[in-house]
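Reading through the structure tokens given below for one structure.
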Amino acid sequence: DTAVSQTPKYLVTQMGNDKSIKCEQNLGHDTMYWYKQDSKKFLKIMFSYNNKELIINETVPNRFSPKSPDKAHLNLHINSLELGDSAVYFCASSPSAYGYTFGSGTRLTVV
Amino acid sequence: TQLLEQSPQFLSIQEGENLTVYCNSSSVFSSLQWYRQEPGEGPVLLVTVVTGGEVKKLKRLTFQFGDARKDSSLHITAAQPGDTGLYLCAGGAGANSKLTFGKGITLSVRP
């Protein structure tokens, strides 16, 4: 009965590969987010969807493409992975901006 | 760009001590949230404050939102080893807006 679940927890892949991270929330929240946490623990927003519609798209390389098939799911696909993409990626959901519920993260390592 | 500065960056104290940490900005936020993150997990929401001057208590933790809604403080009374973690503050500009995170405060409480 996890509120926000991400898979996989760990992802190790070679440069140039394409990979996807999946996220699902069972909280009934309308808004979902992808955040990237770098090695210094700084969390930076990447994308936000509200009821399947993209509402926030920060300056992110177009190799990153989010997809929201329904308001409970927000997936992240990354093409042509680079070393600098190594980080922890967090999915989150909220009924508003007044309280996020985060998943436990996906640690991506590009070698 | 709204920035949140957290201080101190690192704090190591003995069990039983009191501490106060800060989150400051030159921007006004409609809400400010505090999260705690433990290794290998996502941030967990501790509190949301929305009114200037608001004070909220969560057991031994006391949160205050500045009168001008630009800053916040977190005071922990009689810290315990279980309080160890990364404390993140985040400011929101309104419903469904992105949260801007500070870089976090790493707290270590020694038994």
Note to self: Placing +1 on the Cβ of each Lys and Arg and -1 on the Cβ of each Asp and Glu in chain A, which of A:M32, A:P8, A:L108 has its Cα farthest towards the positive end of the resulting dipole?
What the structure shows: A:L108
Checklist line | aspartates and glutamates whose Cα lies under 13 Å from that of B:K98, excluding same-chain neighbours fewer than 8 positions away | finding: A:E58
Notebook entry, point to check: Per-residue HN-Hα couplings for the stretch A:32-43, Karplus 6.51 cos²θ - 1.76 cosθ + 1.60 at θ = phi - 60°, whole Hz, x for Gly and Pro?
Noted result: 10, 9, 10, 10, 10, 10, 7, 5, 9, 6, 7, 8
Note to self: Restricting to Cα atoms and excluding each atom paired with itself, what does the Kirkwood estimate give for the stretch A:1-74 in Å?
What the structure shows: 13.5
Next item on the list: Over all alpha-carbon pairs in the stretch B:1-62, figure out the percentage whose distance exceeds 13 Å.
Entry: 74
Margin query: Give me, ordered by chain and number, the residues 5 or more places off B:R69 or on other chains with an amide H under 5 Å from its own placed amide H.
Written below: B:G53
Checklist line | Selection from B:T77, B:P39, B:L61, by position along the positive dipole direction of the stretch B:6-99 (Cβ) | finding: B:L61
Next item on the list: Please report Rg over Rh for chain B, where both radii come from the alpha carbon positions and Rh follows the Kirkwood definition.
Entry: 0.96
Checklist line | Per-residue Cβ neighbour rank within 10 angstrom, fewest leading, A:M15, A:M32, A:M46 | finding: A:M15, A:M46, A:M32
Checklist line | the protein assembly as shown, dipole about Cα centre (Lys/Arg Cβ +1, Asp/Glu Cβ -1), debye to the nearest 20 | finding: 60
Item checked: Estimated vicinal HN-Hα couplings, Hz - the stretch B:98-111 in sequence order (Karplus 6.51, -1.76, 1.60; Gly, Pro = x) -> 6, 8, 9, 9, x, 7, x, 10, 8, 10, 10, 10, 8, x
Check: Can you give the convex hull volume per residue for the Cα atoms of the protein assembly as shown, as a whole number of Å³?
Finding: 121
Note to self: Only counting other Cβ atoms within 10 Å, I'd like A:Y98, B:Y35 sorted with the fewest neighbours first.
What the structure shows: A:Y98, B:Y35
Next item on the list: Evaluate the charge dipole of the stretch B:53-111 about its Cα centre and quote only its size in Debye, nearest 20, assuming +1 on the Cβ of each Lys and Arg and -1 on the Cβ of each Asp and Glu.
Entry: 100
Note to self: Strictly over 32 Å apart at the Cα level, which of A:K40/B:K57; A:K22/B:K56; A:K52/B:K59; A:K36/B:K70; A:K22/B:K57; A:K22/B:K59 would you flag in this model?
What the structure shows: A:K22/B:K56; A:K52/B:K59; A:K22/B:K57; A:K22/B:K59
Next item on the list: Treat the count of other C-beta atoms within 10 Å as a stand-in for reagent exposure and order A:K9, B:K59 from fewest to most.
Entry: B:K59, A:K9
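Calculate the dipole size of chain B relative to its Cα centre from +1 charges on Lys and Arg beta carbons and -1 charges on Asp and Glu beta carbons; express the result in debye to the nearest 20.
Roughly 180 debye, rounded to the nearest 20.
Each value in this text was obtained by applying a stated rule to the coordinates, not by laboratory testing. The structure presented is a predicted model; accordingly, all values stated were derived computationally and were not measured. Counting neighbours? That spans all protein chains shown, and the Cβs are built from the backbone with ideal geometry, glycine included.
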